[in-house]
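What follows is one structure encoded as structure tokens, with my remarks underneath.
The values are calculated or read from the model by the stated rules, or taken from the named source; none is laboratory data. Everything numeric in this text was worked out from a predicted model, so none of it was measured. We place every Cβ from the backbone using ideal geometry, glycine too, and count neighbours over all the protein chains shown.
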Amino acid sequence: MRGAVLHAPGDVRIEQLPDPAIVEPTDAIVRLSATCVCGSDLWPYRGINEVTEPTPIGHEYCGVVEEVGPGVSSVRPGQFVIGSFIASDNTCPHCRAGYQSACAHKVGMTGAQAELLRVPHADGTLVATPDDPDPELLPSLLTLSDVMGTGWFAAVAAGVRPGMTVAVVGDGAVGLLGVLSARRMGAERIIAMSRHEPRQKLATEFGATDVVPERGDDAVARIHDLTDGVGADAVLECVGTGEAMTQAIRSTRAGGGVGFVGVPHGVSIPGGRLFATMVRLHGGPAPVRRFLPDLIDATLRGEIDPGRVFDLDLPLDEVAEGYRAMDERRAIKAYLRP
Ligand SMILES: [Zn+2]
């Protein structure tokens, strides 16, 4: 099969790789209908995460089950499935509590920018759609594998409720889908923090009521201006830098919540300052498996259209251009056709 391999920072290539095979009885092999480049793929692509050896890359996927191991009972060959970027058994105490990304037997997915993918814990990880989906829905269904589920978790973790004022730090695909999530959860006012016109526009279409282009201290001041000096009830942190996390915490009212889903790079929070804010923090790798059934239903019913975050559509063979375009912020998110 063909698959993307990251060799070194800035060097991602499509190569001929061995077809994946069933290794554990609980595995499934999925022929991918669609895959994409994640913002978190840019950390190793930019050399911020070290690349020590050529590594198959990609962790967002949906497609048709090709083969299952003898221990798999909930999905069968021919079904269209979507799975989380972290494979989980869905039976351990963490999974039963809805935290499948902390599964006692979790396996981080990689190698999904490819034609075929081995998915461990297939029964726990994959959710099948009732029928073959309309091809036009593929981009939106693909987002449920990570980026939409992560934006949704940011809103859940921040404690978004109907009527709230919500601020979203980060205008990447996760932040934009955090806006969509907050809107669907009934937030009354949604402040998107973005200085890029096409992203501001999409944020507004997803439900943002205000756009704040400032950053850092100026952004915090604007949030307080917009909320009568109080701060937002809930803030979604969708970047992962120290500046973004500080901005999120300082934009939140006492008693409010920050949902943080950006993978932290250089974030440190002084205990004394956090103590004084009286803000709740909850975040981490999103347990998207918890949300898959509901988000699949909402997508199939046409109630949400998260696939609109894809503004670049490429054949898998042009994956390198997808990375370049996202790295240079020419594209929000690159969709790949295997
Ligand atoms: Zn588990």
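Structure notes:
- Of all the residues in the range 205-219, those that are surrounded by 14 or more Cβ atoms within 10 Å (Cβ to Cβ), part of a helix (DSSP H, G or I) and over 19 Å from the mean Cα position of the chain (by Cα) number 1.
- Restricted to strands (runs of 3 or more DSSP E) entirely inside the range 220-291, those with at least 2 residues that are of a type in the set (A, V, I, L, M, F, W, C) and modelled with pLDDT of 95 or more are 232-237, 252-260.
- When THR91 is tested against the conditions (1) within 10 Å of the ligand (Cβ to nearest atom); (2) surrounded by fewer than 20 Cβ atoms within 10 Å (Cβ to Cβ); (3) under 16 Å from the mean Cα position of the chain (by Cα), the lone failure is (3).
- Scope the range 29-50; condition surrounded by fewer than 17 Cβ atoms within 10 Å (Cβ to Cβ), in contact (Cβ under 8 Å) with a residue 12 or more places away in the chain and assigned to a loop (DSSP other than H, G, I, E, B); matching residues: ARG46, GLY47, ILE48
- From the options ALA248, ALA276, residue that is in contact (Cβ under 8 Å) with a residue 40 or more places away in the chain and among the small types (Gly, Ala, Ser): ALA248
- So GLY83, is it touching a residue at least 24 places away in the same chain (Cβ under 8 Å), within 16 Å of the ligand (Cβ to nearest atom) and surrounded by 22 or more Cβ atoms within 10 Å (Cβ to Cβ): yes
- Screening GLY111 against (1) in contact with a helix residue (DSSP H, G or I) (Cβ under 6 Å, 6 or more places away or on another chain); (2) assigned by TED's automatic domain parsing to the domain that holds TYR61; (3) more than 16 Å from the ligand (Cβ to nearest atom); (4) not basic (Lys, Arg) leaves a single unmet condition, (1).
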